[in-house]
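Chemist: Okay, handing you the structure first.
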Amino acid sequence: MGLTHRQWPLGRAGVLLQLNFLYALSEYITLPILALYFHQNLHLPVVQVGILIGIPPLLSSGLGYLAVALTKKLMPISGLIISLCAMILVYSVFMLGPGFWILVLASLLMGLSRGVSQPLTKALFAHHSALFRSPDAAFRLRYLTIAGAATLGPLIVLGLGSVSRRIELALSILTLIIMAVLGIAMRKPLNFQEISLSSVEGFSSWRGHLKTILNPTLILYILAGLLIFWVFSQFETLMPLALENFVTNPQRLFSGLLILNAGLGVVLQTVILFLPKQPPVKLSLYLGNLFFGLAFVAFALAHGHFLLLIFGTVVFSLGEVLAIPGSDIVIDNMSSPDMKVVNFSLAEIRLLGFSLGPVAGSIVLRSFGPQAMFLSSTVLILVGSLLYGAGQWTQTHREAKIAQRMTPP
């Protein structure tokens, strides 16, 4: 029997936030160690490490349709539970440390899982945005729970010290099991059945399919988000490998930087949430990208210098709290209520940036060094900012044309 929303702290909003926190925690427990685990424990070359880390976002970026299909055929809770079981299997395979090609298959399964869970989770926050102060606040609170998990995960890694890295993988498995149990127990307060399926039905026709994909505003926002996620992935996945060139304990230093980054994210996002008025999304995106660019310049100049790494991480955190939630907010703002599931599913193509970033970044890192990897990211940030500007122009132009057609002669 499922729980009612009155039996759980903060009601349905609390359920969504807590499940989102658990999912993020399962990822951030392993994030500080996964690249090093592949490289040092399993003795894989840097390029193979980049491939394994890049496969999941590459696959999930094209599988937003799978979330749409599951929403149509099954209750979304079923899709989420299936995806969690797949992630448990993935981390179990990683713990066993088989050959490279078995690890590739596990990474493919991780991509399938994320292709289902992430767009459904975002659509749930969009659908239940009335529970929060505003739709923008819903996505910023979602990010806040992720930042909290990103703080706790590396703290757990630091607390475990020099124990086997397989312990962290086991903890991620335990977190996913708890999330699956809670998701089943609290299916009633989540109200999955309330998600509108009218857009999903229309999306199954080729005409609706083509009309959605060819939306120029959505295309530009997706391309811009892809480039920003590409840059963001350089910090989250390849930074410990870059630090190997300068320090003797990159895992400890990177865990400390992650804690600083996530802690600042919690504080800064909380400050933004309590502002009388949320900052305009256009300003958030441009300022966030500017801070990202400054941070990567600092990383390129650091050469392992502790204070410069701290400065770069602080500036990076400012960029993150502004730009990353903004990427979802612009898509939510442009979507009608019955198109949120479809648009967020299509927008998972942005995750291709999390795939291209580690793969391309590992090649640049091996061939030209960490400075070249960080400086090349600043160019991508500039291009992403221009694409966001173009997307906002097409959205404004389209809304003006609609208003003009509705105005009586």
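Chemist: Can you say whether VAL297 is farther than 30 Å from PHE38 by Cα and of a type in the set (Val, Ile, Thr), as far as the supplied structure shows?
Modeler: On the way: farther than 30 Å from PHE38 by Cα: no; of a type in the set (Val, Ile, Thr): yes.
No, not satisfied.
Chemist: Looking only at the range 146-164, filter to residues that are outside any loop (DSSP other than H, G, I, E, B) and at pLDDT below 80; which one of those is nearest to ILE272 (Cα to Cα)? Even if it seems obvious, please write down each step before you answer.
Modeler: From the range 146-164, those outside any loop (DSSP other than H, G, I, E, B) are 146-160; that's our starting set.
Now restrict to residues that are at pLDDT below 80: 147, 150-151, 154, 157-160.
On the way: ALA147: 14, ALA150: 18, THR151: 18, PRO154: 24, VAL157: 29, LEU158: 29, GLY159: 30, LEU160: 33 Å.
Only one residue tops the list, namely ALA147.
Chemist: If you go through the range 320-331, how many residues are out of contact with any Phe, Trp or Tyr (no Cβ under 6 Å at 6 or more places or on another chain), open to solvent by less than 10 Å² (accessible area, probe 1.4 Å) and not hydrophobic (A, V, I, L, M, F, W, C)?
Modeler: 2
Chemist: If you don't mind, another one. State all residues of the range 127-145 that are touching an Asp or Glu at 6+ places or on another chain (Cβ under 9 Å) and either among the small types (Gly, Ala, Ser) or at pLDDT 70 or above (or both); if no residue qualifies, say none.
Modeler: Here is the first cut: in the range 127-145, the ones touching an Asp or Glu at 6+ places or on another chain (Cβ under 9 Å) are 127-129, 135-136, 138-139, 142-143.
Answer for the range 127-145, where residues must be touching an Asp or Glu at 6+ places or on another chain (Cβ under 9 Å) and either among the small types (Gly, Ala, Ser) or at pLDDT 70 or above (or both): SER129, ALA138, PHE139, ARG142, TYR143.
Chemist: Does SER317 meet the test of being open to solvent by less than 30 Å² (accessible area, probe 1.4 Å) and without any contact (Cβ under 8 Å) to a residue 60 or more places away in the chain? I'd like the intermediate steps shown before the answer.
Modeler: On the way: open to solvent by less than 30 Å² (accessible area, probe 1.4 Å): yes; without any contact (Cβ under 8 Å) to a residue 60 or more places away in the chain: yes.
Here the answer is yes, as SER317 does meet what is asked.
Chemist: Same structure again: Taking the range 228-286 as the search range and keeping residues that are hydrophobic (A, V, I, L, M, F, W, C) and not in a helix (DSSP H, G or I), which one is least open to solvent (accessible area, probe 1.4 Å)? Full working, then the answer.
Modeler: Taking the range 228-286 first, the residues hydrophobic (A, V, I, L, M, F, W, C) are 228-232, 235, 238-239, 241-243, 246-247, 253-254, 257-260, 262, 264, 266-268, 271-275, 281, 283, 285.
The next check asks that each one be not in a helix (DSSP H, G or I); those that pass are 246-247, 274-275.
Values: PHE246: 82, VAL247: 40, PHE274: 168, LEU275: 65 Å².
Among residues in the range 228-286 that are hydrophobic (A, V, I, L, M, F, W, C) and not in a helix (DSSP H, G or I), the one least open to solvent (accessible area, probe 1.4 Å) is VAL247.
The values are calculated or read from the model by the stated rules, or taken from the named source; none is laboratory data. From a predicted model like this one, the values you see are computed outputs, not experimental measurements. Glycine also receives a Cβ, built like all others from the backbone with ideal geometry; neighbour counts cover every protein chain displayed. Quick note on the areas: whole protein, heavy atoms, side chains included, nothing else; ligands and nucleic acids left out. Shrake-Rupley method; radii C 1.70, N 1.55, O 1.52, S 1.80 Å.
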